[in-house]
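What follows is a single structure, written as structure tokens, with notes after it.
The values are calculated or read from the model by the stated rules, or taken from the named source; none is laboratory data. Since this is a predicted model, take the numbers as computed values, not measurements. Virtual Cβ from ideal backbone geometry, glycine too; neighbours counted across all protein chains shown.
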Amino acid sequence: MSLLDFIESYFANSLVITTIFAFCAVAAALLVIFSLGRSSPRLRVGVLFTLFSTVVFGWVFVAASFVFCNQFLGLYTTAGERAVQVVLGLALLTGLVATVPFSVFVTLSVPRAMIKRLEKDSVSAQEVSCFPLERIMETMGLSGLALLRSPSDSPLAYSIGGKRRAALVFSDGLERLLDREEMQAVVTHELAHIKNDDTRAKIFISAYRRVLFFDPALRLVERLYAREKELLADEVAMRFTGKPKALASALLKISSNTNSVACDLTSSISEGDMRVKPSVKERINRLLKQTERAQLESALPEAQQR
């Protein structure tokens, strides 16, 4: 009995086919939910992250199946169906054991290392000079924020970390360029990334996408996720500031004054991300629509009183 015979028998088994079908069914259901949730970046972000995790688990399951088929070839020769069940169970277990600890380690250790490096290379800032952060952070439920200032003349703002430990970097050039409301909108956008744990999700996705570089589906999900998380951060910033026009104005100013310098608001920190972020035009259009909607909603009560 050869290894090829065992592999063919394994993947032709009804239990294995059902398992693979279940993976495909979950992925298909998530794609349907994603397509229906066009107006909700928060829903789409959650769906995309779940879809990415499902695809990763599926690949680990397949790889583990091949490995265990080789390991239990002797058992298949003597026990047949029993060997298939053993390999299937071990492959599913390996999918959990192999992905969960690695994911936790990467998403916890990498942001900490990045924050330490930023704190070492950047100047600490007590607050953004145009407004204090304490009220916004308290409202968002954030703590442990290292506020850092970059001496760069280019308009620059980005954040790293999660709710309990994070760093937010902004440049002198950004503060000189924007007025008070625009600066508040930009900082709130970055705090939204922290609130949504976007750094950890990005590291998780980037790590597995590099390991599974041959899968174009993961690249597509990564692109869609990068787009939706920016739209979600805009949405959260609008909700906490109530001034979508200020964020739109800030985006326009930053875009007009940024060449090749990375900026989380208009491009990204890495060249790869610049290809997956939503366009500034798209984000501004969404923000302006929100402004028009807010104006209509505020004008409606006045019209009813008349």
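So which residues in region 54-78 are in contact with a helix residue (DSSP H, G or I) (Cβ under 9 Å, 6 or more places away or on another chain) and either more than 20 Å from residue 17 (Cα to Cα) or of a type in the set (Asp, Glu) (or both), if there are any at all? Walk me through how you get there before you give the answer.
Here is the first cut: in region 54-78, the ones in contact with a helix residue (DSSP H, G or I) (Cβ under 9 Å, 6 or more places away or on another chain) are 54-77.
Residues satisfying the conditions are 71, 74, 75, 77.
Output yes when any residue across region 186-196 is surrounded by fewer than 24 Cβ atoms within 10 Å (Cβ to Cβ), within 20 Å of residue 256 (Cα to Cα) and hydrophobic (A, V, I, L, M, F, W, C), and no when none is.
Looking through region 186-196, none of the residues is surrounded by fewer than 24 Cβ atoms within 10 Å (Cβ to Cβ), within 20 Å of residue 256 (Cα to Cα) and hydrophobic (A, V, I, L, M, F, W, C).
Just to be sure I understand, how many residues within region 242-258 are free of Cβ contacts under 8 Å to residues at least 60 places away in the same chain and either surrounded by fewer than 18 Cβ atoms within 10 Å (Cβ to Cβ) or within 14 Å of residue 292 (Cα to Cα) (or both)?
Total meeting the criteria: 6.
Please tell me if residue 124 is crowded, with 18+ Cβ neighbours inside 10 Å, touching a strand residue (DSSP E or B) at 6+ places or on another chain (Cβ under 8 Å) and not aliphatic (A, V, I, L, M). Give the steps one after another, and end with the answer.
Numbers: crowded, with 18+ Cβ neighbours inside 10 Å: no; touching a strand residue (DSSP E or B) at 6+ places or on another chain (Cβ under 8 Å): yes; not aliphatic (A, V, I, L, M): yes.
Against the criterion (crowded, with 18+ Cβ neighbours inside 10 Å, touching a strand residue (DSSP E or B) at 6+ places or on another chain (Cβ under 8 Å) and not aliphatic (A, V, I, L, M)), residue 124 does not qualify.
In region 25-34, is there at least one residue being of a type in the set (A, V, I, L, M) and either part of a loop (DSSP other than H, G, I, E, B) or in contact with a Phe, Trp or Tyr (Cβ under 9 Å, 6 or more places away or on another chain) (or both)?
No, there is no match, as no residue in region 25-34 is of a type in the set (A, V, I, L, M) and either part of a loop (DSSP other than H, G, I, E, B) or in contact with a Phe, Trp or Tyr (Cβ under 9 Å, 6 or more places away or on another chain) (or both).
Just the residues that are at pLDDT 90 or above and either among the polar types (S, T, N, Q) or more than 30 Å from residue 240 (Cβ to Cβ) (or both), please, taken from region 191-205.
Selection gives 196 alone.
Select from region 248-269 the residues that are over 14 Å from residue 177 (Cβ atoms) and aliphatic (A, V, I, L, M) and write down the one among them that is modelled with the highest pLDDT.
For region 248-269, the residue satisfying everything is 248.
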